[in-house]
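Right, one structure below, let's go through it.
Derivation of every value follows stated rules applied to the coordinates shown; laboratory data play no part. Note that the coordinates shown come from a computational prediction; the quantities given were computed from them, not determined experimentally. Glycine also receives a Cβ, built like all others from the backbone with ideal geometry; neighbour counts cover every protein chain displayed.
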Amino acid sequence: MPEPLAPASSGSHPTLPGDPVIRQINWIGVRTLYVKEVRRFFKVQLQTIWAPAVTTLLYLIIFTVALGARSPVPVGGHIVAFADFVAPGLIVMGMLTNAFANSSFSLLVGKMQGTIVDYLMPPLSTGELLAGLVGAAVTRAFLVGLALWVAMLLWPGVHVGLANPLAVLWFGLMGALLLSFLGVLTSLWAEKFDHAAAVTNFVVQPLALLSGTFYSVDRLAPAFRAISHANPIFYIISGFRSGFLGVADSPAGFGAGLLLGINIAMGVACYLLLRRGWRIKS
């Protein structure tokens, strides 16, 4: 006598006893995609982790030599040494640019090489696909940030001790997520590497460099100070810096809430566009 069919989890189709059924979240699928993306950039870690760390460290050397490592910089009513001021900004700037580079690569290469089906065919929901891509980008960002922090700890004349580790983790995570979501949106929109490079050169880099990384916004004229406060990356760098110095150019609580709201909006936008298959499904 044939074995009776077991009811399916969705209630629409029966499954045989012993057949695997994916319930709620496909943790195995998400982990597989995440590991695949991490291994992809880790195979070329000299280019994806160590080279950005060395390049960012060169920024620190050049600016501290040119302007003086102990030159005073006003921050939130306090005076700090220039080297101590610029180091946290350089760390988080390296994290942001690498988070964007990682998340803007996978889907774009899939579209160009015709392997996008490898992302669309597996039994992954839209949220699971987005989580795997963004999770790998955030991992790369924190690996670059860790490499930079260790290098600056050993660099003479620079003090990068943690005054508030929670602020460092929160603003580092918010910044990495923001640029990861922007990278996913870029990879959906772009049709070739030139398009992704244009976003890097005309959006990401200007926002990062004009966000108070190398200067205090307290020294700017009121109009330019207002423009700086309209830049979301300014709040990332200010909040991240406060985790090292204990002082910031803007209220850390306001920046933390603002960045959380922006990330939620960006995440929803990525989810909806991925679900529609915008520019990745015929």
TODO: Distance between Cα centroids, region 37-81 to region 148-172: provide it in whole Å.
DONE: 11
TODO: Could you line up ILE262, ILE91 from fewest to most neighbouring Cβ atoms inside 10 Å?
DONE: ILE262, ILE91
TODO: Could you compute the FRET efficiency for ALA66 and ILE25, with r as their C-beta to C-beta distance and R0 at 51 Å, rounded to 0.05?
DONE: 0.50
- [ ] Please order ARG40, ARG140 by the number of other Cβ within 10 Å, starting at the fewest.
- [x] ARG40, ARG140
- [ ] Taking 7 Å along the Cα-to-C-beta vector as the label spot, tell me the ARG275-HIS229 distance in nanometres, rounded to one decimal.
- [x] 3.6
- [ ] Report, by chain and number, residues whose modeled amide H sits under 5 Å from the one on VAL80, excluding near sequence neighbours (fewer than 5 apart, same chain).
- [x] VAL73, VAL75
Open item on the list: Can you give the local net charge around VAL217? Use residues other than it whose beta-carbon is closer than 11 angstrom to its beta-carbon, Lys and Arg +1, Asp and Glu -1.
Closed with: 0
Task: Coordinate range along principal axes, alpha carbons of region 34-77, Å, largest first - done: 46, 24, 8
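Find the all-direction average of the projected area of the Cα convex hull for region 180-282, expressing the result in square nanometres with one decimal place.
On the way: hull surface 30.4 nm².
Across all orientations, region 180-282 yields a mean hull projection of 7.6 nm².
Given Cβ point charges of +1 (Lys, Arg) and -1 (Asp, Glu) and nothing else, what value in debye, to the nearest 20, does the dipole of the chain about its Cα centre take? Let's see the in-between values first.
Values: 17 positive and 10 negative charges, 53 e Å.
Charge dipole, the chain, about its Cα centre: 260 debye, nearest 20.
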Task: Degrees between helix 82-103 axis and first principal axis of the chain (Cα, 0 to 90, nearest 10) - done: 20
Task: Residue order, fewest to most surrounding Cβ atoms within 10 angstrom, among MET266, MET93 - done: MET266, MET93
